[in-house]
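Student: One structure, pasted below without further comment.
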Amino acid sequence: MTINKLFASRNGSLPKQEIRVLPSVAGQKQAFIAIAWDLDDTALGNEKGDLTSNFLREALDLDPVEFFERNKNLKNCNPAFLYMHNMIQESQAREKAGKKPITRQMMEDYGHRAPLLPGVIDLLPRLSEYVNEISKGLVKVEHYAISSGIHSLIKNIPIIEHFKQFWSSHFMFDQEGRIEYPQLPLSYPDKVPCLFMIEKGFVSDEHKDNMPNYVNQKVHQKRIPFSDMVVIGDGYTDIPMFCTVESYGGTAIGVYSPHKPEGEKRAVERFLSTGRVSHVLKADYRLGGATYETLTGEILSPLAKKIMLREGLTLQGLKSAPVSAEQLSLSFG
């Protein structure tokens with residue numbers, strides 16, 4: 001995607017949709033919706049903070065507020081790189097003081113205890129089943145996680161099985177498993193290439209582990225266009241993802257943790273007033289609540305129907321004539 005295309009799309013001229021050949025399952029054509037989740041304070045968290053903050057407090061006996069203030073005066077520093085650097089310094093100091101250093105195993109063990117925001121435990125399969133039911137299996141939801149959090153903490157969280165793939169920040173470890181170097185800090189624009197990987201269908205572990213080799217490859221058929229993506233996040237590190245999907249007709253949702261102060265809600269609401277997101281919701285996903293009803297009734301249901309109309313999919317699984325962009329505009333206002 002070029003800068004010119006990005007700005008052209010923001011000025012009301014959407015990029016031309018490439019012709020796509022949809023996969024066929026049991027004789028029926030299928031299309032896909034991708035929901036890309038940030039994790040900390042979007043899906044993970046409690047009254048004590050996000051996953052990383054809970055790990056610092058409970059596993060390391062640190063004050064998260066004090067920890068995240070360390071080296072904050074450094075300029076032009078990726079925030080993910082900075083907190084990973086601080087963790088390495090903390091680990092080395094702990095070892096010199098005769099305490100256990102921070103290791104891969106320590107983080108992986110803690111991941112099982114990751115705090116979940118209300119309703120998250122069964123939210124992802126519920127959303128997938130909802131779209132599956134209203135589309136009679138013609139549109140499938142795939143969940144992805146794109147987080148600045150640490151891979152070793154995230155890989156064992158209770159909901160990890162519901163993600164088709166996840167991208168996160170990686171440490172390099174020494175032979176004893178101690179954290180040694182920030183191998184891959186993922187933050188701000190670093191998250192956007194993950195969306196291109198989803199768009200192109202490069203979502204296997206092989207693709208993920210070799211992302212620089214795949215993300216720039218040209219493909220003739222986009223598996224999931226940006227217009228069929230929903231990005232859900234809570235903070236400034238998600239803004240590049242928000243702007244990317246919104247520019248191409250997708251949906252960006254800003255959420256605020258029910259455990260955070262009112263100021264956090266106002267910060268997310270500014271994303272709405274400045275056009276970064278199209279919805280602001282409370283990160284309370286319990287069945288029957290306002291957020292769940294908005295996700296299903298106002299976002300996923302119209303999106304699934306729009307995809308079916310555009311691709312010419314009928315509830316009988318038959319292929320009818322696809323609908324042009326102009327007709328879609330008329331059909332859906």
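The values are calculated or read from the model by the stated rules, or taken from the named source; none is laboratory data. Since this is a predicted model, take the numbers as computed values, not measurements. Cβ atoms come from the backbone with ideal geometry, glycine included; neighbour counts cover every protein chain shown. Surface accessibility is based on the protein's heavy atoms, side chains included, excluding ligands, DNA and RNA. Shrake-Rupley method; radii C 1.70, N 1.55, O 1.52, S 1.80 Å.
Student: Are any of the residues in region 11-29 open to solvent by 10 Å² or more (accessible area, probe 1.4 Å) and at pLDDT 95 or above?
Tutor: no
Student: Filter region 202-229 down to residues that are crowded, with 19+ Cβ neighbours inside 10 Å and of a type in the set (Gly, Ala, Ser), then give me how many there are.
Tutor: 1
Student: Restrict the check to region 184-193 and report whether at least one residue is touching a Lys or Arg at 6+ places or on another chain (Cβ under 9 Å) and among the hydrophobic types (A, V, I, L, M, F, W, C).
Tutor: no
Student: For region 80-131, which residues satisfy the criterion of being among the β-branched types (Val, Ile, Thr) and farther than 13 Å from ILE157 by Cβ?
Tutor: ILE88, ILE102, THR103, VAL131
Student: Kindly establish whether ARG94 is of a type in the set (Lys, Arg) and open to solvent by less than 60 Å² (accessible area, probe 1.4 Å).
Tutor: yes
Student: Within region 235-281, how many residues turn out to be of a type in the set (Ser, Thr, Tyr), over 23 Å from PHE196 (Cα atoms) and touching a residue at least 24 places away in the same chain (Cβ under 8 Å)?
Tutor: Here the count works out to 2.
Student: Could you list all residues from region 295-309 that are under 13 Å from LEU123 (Cα atoms) and among the β-branched types (Val, Ile, Thr)?
Tutor: Within region 295-309, just THR296 meets the criteria.
Student: Give the residues of region 154-186 that are farther than 27 Å from ASP122 by Cα and in a loop (DSSP other than H, G, I, E, B), sorted by residue number.
Tutor: ASP174, GLN175, GLU176, GLY177, PRO185
Student: So, of the residues in region 247-261 that are touching a Phe, Trp or Tyr at 6+ places or on another chain (Cβ under 9 Å) and not aliphatic (A, V, I, L, M), which turns out to be surrounded by the most Cβ atoms within 10 Å (Cβ to Cβ)?
Tutor: Result: GLY254.
Student: Another question, then. For region 48-62, which positions are over 22 Å from TYR236 (Cβ atoms) and either crowded, with 24+ Cβ neighbours inside 10 Å or modelled with pLDDT under 95 (or both)?
Tutor: Result: no residue meets the conditions.
Student: If only one of SER135, SER147, SER169 is over 27 Å from LYS260 (Cβ atoms) and small (Gly, Ala, Ser), which one is it?
Tutor: Exactly one of SER135, SER147, SER169 is over 27 Å from LYS260 (Cβ atoms) and small (Gly, Ala, Ser), namely SER135.
Student: Tell me which residues, restricted to region 120-143, are in a strand (DSSP E or B) and either open to solvent by 40 Å² or more (accessible area, probe 1.4 Å) or under 25 Å from PHE173 (Cβ atoms) (or both).
Tutor: LYS140
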